[in-house]
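Participant: Pasting in a structure now, in structure tokens, and then I'll have a few things to ask.
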Amino acid sequence: MESMRDIKRRINSVRNTQKITNAMKMVAAARLRRAQELAEKARPFFNKTREILYNVSLYTKDFIEHPLFYDSGGKRHLYLVINSDRGLCGSYNINVIEKARSSFQPDEEISLIVLGRNARDYFRKMDYNIISEYINIPDYPDYWFARRIADELISLFRERMVDRVSLIYTHFNSPISQTAKVIPLLPLTVLDKPEEEEKKNYDYLYEPSPDAVFDVLLPSYINNILYSALLEAKASEFGAVMTAMDSATENAEDLIGELTLRYNRARQSAITTEIAEIVGGAEALK
């Protein structure tokens, strides 16, 4: 049976841990507020870009001839996995990794570009082919950070080093709800119809030429997807950290209550034993 001193020591230890988890929850909540704001502001820009690209693909015959639409039918599949550099974020990291593993097909030649230390360490341990890695990702990634990654993806696809490119990231729903998703990026052979988009007749004029316009529009589309995914992933990460630390704080409070009850019982038992010994000694002196 634990002594009162041991129980008291555990109570103090749990209380100190509770202070740390509560502070981490407050920090994550502050970061989440800004990350969520950035992610929500980026969504209209991304949706409008997708709408324009969808319309152009419907009404431009030359569009299919662009290199980013070339489907070789090969099995060299590159996955871009966005994860976290840090832990203490609940199931956030493992959900992304499990989503990636379930997406890998047995007949594919899989290669990876990983963002985040957790994904890098896991896939390196599992001996996957990691082409590039990005660690120490900023809390609020900017457009040019996404541009670096987009340029690398497009370059690998144009040079026929990979046949397909997919993105795996976590979409932010709310601080307590995030969803791991897979989005096909390249080739751009299939474009989903944007939400609330009705079929209309468009007549596009291209200056200086369709090829010159596509050379700007298509990489921008890929870049916008990556930028939006980075912001969504960071908001999801901070939401997961805040939720995990909130749960840890509540669990610490419950544990403190349980340990306090055990301490009081041990103290009462010690007092009862001491009284019994005094009474027994008094009776022996008579």
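Participant: Going by how many other Cβ atoms sit within 10 Å of their own, how do 92, 140 line up, fewest first?
Facilitator: Listing 92, 140 from fewest to most nearby Cβ atoms yields 140, 92.
Participant: Then there's this: With +1 on each Lys and Arg Cβ and -1 on each Asp and Glu Cβ, and nothing else charged, work out how big the dipole of the chain is about its Cα centre, in Debye to the nearest 20.
Facilitator: In total the dipole reaches around 1180 debye.
Participant: Could you sort out which of 75/181; 41/75; 125/234; 19/99; 48/234; 48/181 sit more than 32 Å apart by Cα distance in this structure?
Facilitator: Over 32 Å apart, Cα to Cα: 41/75; 19/99.
Participant: Right, another one. Can you find, among 251, 173, 135, the residue farthest towards the positive end of the dipole of the chain? Put +1 on the C-beta of Lys and Arg, -1 on that of Asp and Glu.
Facilitator: So the residue we want is 251.
Participant: Still on this structure, I have one more. Given the options 114, 242, 221, identify the residue whose Cα lies farthest towards the positive end of the charge dipole of the chain (+1 on Cβ of Lys, Arg; -1 on Cβ of Asp, Glu).
Facilitator: About the Cα centre, the residue reaching furthest to the positive side is 242.
Participant: Can you tell me the alpha carbon radius of gyration of the stretch 26-119 divided by the globular rule-of-thumb value 2.2 N^0.38 Å?
Facilitator: Rg over 2.2 N^0.38 Å, computed on Cα atoms: 1.48.
Participant: Also, I was wondering about something else. For the chain, which DSSP H helices look membrane-span-like by this rule: Cα extent along the axis of 20 Å or more and mean Kyte-Doolittle of at least 0.5?
Facilitator: none
Participant: Now for a different question. If each residue's Cβ is checked for other Cβ atoms within 10 Å, how do 171, 77 rank with the fewest at the top?
Facilitator: With the fewest neighbours first, 171, 77 line up as 171, 77.
Participant: Among bridges DSSP assigns within the chain, what percent are antiparallel (round to 5)?
Facilitator: Bridges in the chain are about 35 percent antiparallel.
Participant: Between the stretch 73-121 and the stretch 255-286, how many Å separate their Cα centres?
Facilitator: Centre-to-centre (Cα) distance: 58 Å.
Participant: Quick one, what does Rg over Rh come out to for the stretch 34-242 if you take C-alpha atoms and the Kirkwood Rh?
Facilitator: Expressed as Rg/Rh, it is 0.97.
Participant: Can I ask one more? Going by how many other beta carbons lie within 10 Å of each one, how would you line up 205, 188, fewest first?
Facilitator: Sorted ascending by nearby Cβ count, the order is 205, 188.
Participant: For the chain, calculate the relative contact order in percent as a whole number, restricting contacts to Cα pairs under 8 Å that are 6 or more residues apart.
Facilitator: 32
Quick note: the coordinates plus some simple rules give every number you see, no bench work behind them. Small disclaimer: the values here were computed from a predicted structure and weren't measured. Here the Cβ is made from the backbone with ideal geometry for all residues, glycine too, and neighbour counts use every protein chain on show.
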